[in-house]
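The values are calculated or read from the model by the stated rules, or taken from the named source; none is laboratory data. Bear in mind that the values here come from a model prediction, so they are computed numbers and not experimental data. Note that each Cβ is placed from the backbone with ideal geometry, even for glycine, and that neighbours are counted across all protein chains shown.
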Amino acid sequence: MAYPRTEPTASGMLDVGDGTSLYWEESGAPDGVPALWLHGGPGGSLGSGWYRTHFDPTRYRLIGIDQRGSGRSRPLVTESRDRLADHTTQRLIADIEAVRQHLGVEDWVVSGISWGTTLALAYAQQHPAHVRALALMAVTTTSRDEVDWITEGVGRVFPAEWEAFEQASQRLPGERVVDAYARRLAGPDREARADAAQAWDRWENVHVSLDDPALRERGHLGPELREGFATLVTHYWANDGFLPGDQAVLARLDRIAHVPTALVHGRRDISGPAVTAWRVHRGLPASTLTIVEDEGHGGPGGSAALAAALDGFAGSGS
């Protein structure tokens, strides 16, 4: 079921000591089961608070964070382009720990969507003692295989749109499409950045458009947000999510084999095929996998399944 979109009961900015201030907000029951929500992207945000509808506000103490460089956290990546190297998954994990300690949470249910599932899994593998359960929708691990699929392989499904996307990358001979976009978005040419961000933004809507073809005619974000989003997502994707080799999510599932985990994924998710969710499920003995047959990268059925899993974790964790 969907819960009412309750308003935050507390919020603030946390200085993490390197010139970065993180926006956090809290809602629900102050004495409830602590929970953390991790948004997608990289470069997304908590937005309008839709994420709160998955959590029973009478049983959860829910905390959300705008990840560094995005949303209401400061500085935005577009305001601090010279500090792009500060944006790594390891820094995001440290940010999460700083918020946990600041708010006095011992352990929490960690939940997220899309890129947020990669971050949730990587955080749990680094700090398993502080994770009582995982609830993840549209499961990703941001492996090179996944990134190459979403930026190149999906062109087999949308060939005309992908050809325009590839040409707009202006990639050099032998350069990956994602690397070309990352290079242009990190560069000094303002016009080149704007053009690359617009082309990336259009592709973001193409590869999730199976259920709504009209999306292909629209952008994913407005011009005031698209450059920051595209800069961060290409930066992380070009670097394999900063989880290379033996640090990859799939290589370290044994670290969280004991953690109760609910995985929810759409069968029609062309952007991130269900094989990733299946591989995570196969590596986690304490996990369940719900495939929503008629949905893609999120949707009402997936949200309902995620809320049901969270209801179960609140009951077992309280």
Task: The listed residue being crowded, with 22+ Cβ neighbours inside 10 Å, in a helix (DSSP H, G or I) and among the charged types (D, E, K, R), out of Arg52, Arg68, Arg83, Arg91 - done: Arg52
Task: Criterion violated by Arg282 - all others in (1) in contact (Cβ under 8 Å) with a residue 12 or more places away in the chain; (2) farther than 17 Å from Trp115 by Cβ; (3) not aromatic (Phe, Trp, Tyr) satisfied - done: (1)
Task: helices (runs of 4 or more DSSP H) within the stretch 115-180 that include 2 or more residues within 20 Å of the chain's Cα centre (by Cα), among the aromatic types (Phe, Trp, Tyr) and crowded, with 23+ Cβ neighbours inside 10 Å - done: 115-126
Open item on the list: So Val264 ticks every box in (1) surrounded by fewer than 21 Cβ atoms within 10 Å (Cβ to Cβ); (2) in contact with a Gly (Cβ under 7 Å, 6 or more places away or on another chain); (3) modelled with pLDDT of 95 or more but one. Which box is left unticked?
Closed with: (1)
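What do you reckon, is Thr118 under 24 Å from Gln247 (Cβ atoms) and assigned by TED's automatic domain parsing to the domain that holds Leu62?
On the way: under 24 Å from Gln247 (Cβ atoms): yes; assigned by TED's automatic domain parsing to the domain that holds Leu62: yes.
Yes; evaluated as a whole, the condition is true for this residue.
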TODO: Considering (1) more than 25 Å from Asp269 (Cα to Cα); (2) in contact with a helix residue (DSSP H, G or I) (Cβ under 6 Å, 6 or more places away or on another chain); (3) charged (D, E, K, R), say which one Arg144 fails and leave the rest.
DONE: (1)
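I'd like the full set of residues that are of a type outside the set (A, V, I, L, M, F, W, C) and under 17 Å from Glu152 (Cβ atoms), limited to the stretch 199-235. Please lay out each step first, then the result.
Kept after step one, since they are of a type outside the set (A, V, I, L, M, F, W, C), are these residues of the stretch 199-235: 201-202, 204-205, 207, 209, 211-213, 216-220, 222-224, 226-228, 231, 234-235.
Selection gives Arg202, Glu204, His207, Thr234.
So which residues in the stretch 94-114 are within 14 Å of the chain's Cα centre (by Cα) and of a type in the set (Gly, Ala, Ser)?
As a first pass, look at the stretch 94-114 and keep what is within 14 Å of the chain's Cα centre (by Cα): 96, 110-114.
Answer for the stretch 94-114, where residues must be within 14 Å of the chain's Cα centre (by Cα) and of a type in the set (Gly, Ala, Ser): Ser111, Gly112, Ser114.
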Open item on the list: Can you go through Val249, Val206, Val177 and tell me which one is more than 23 Å from Gly71 (Cα to Cα) and at pLDDT below 95?
Closed with: Val206
TODO: Hand me the list of helices (runs of 4 or more DSSP H) wholly inside the stretch 209-318 holding 1 or more residues that are closer than 30 Å to Pro30 by Cβ, in contact with a helix residue (DSSP H, G or I) (Cβ under 6 Å, 6 or more places away or on another chain) and not acidic (Asp, Glu).
DONE: 300-317
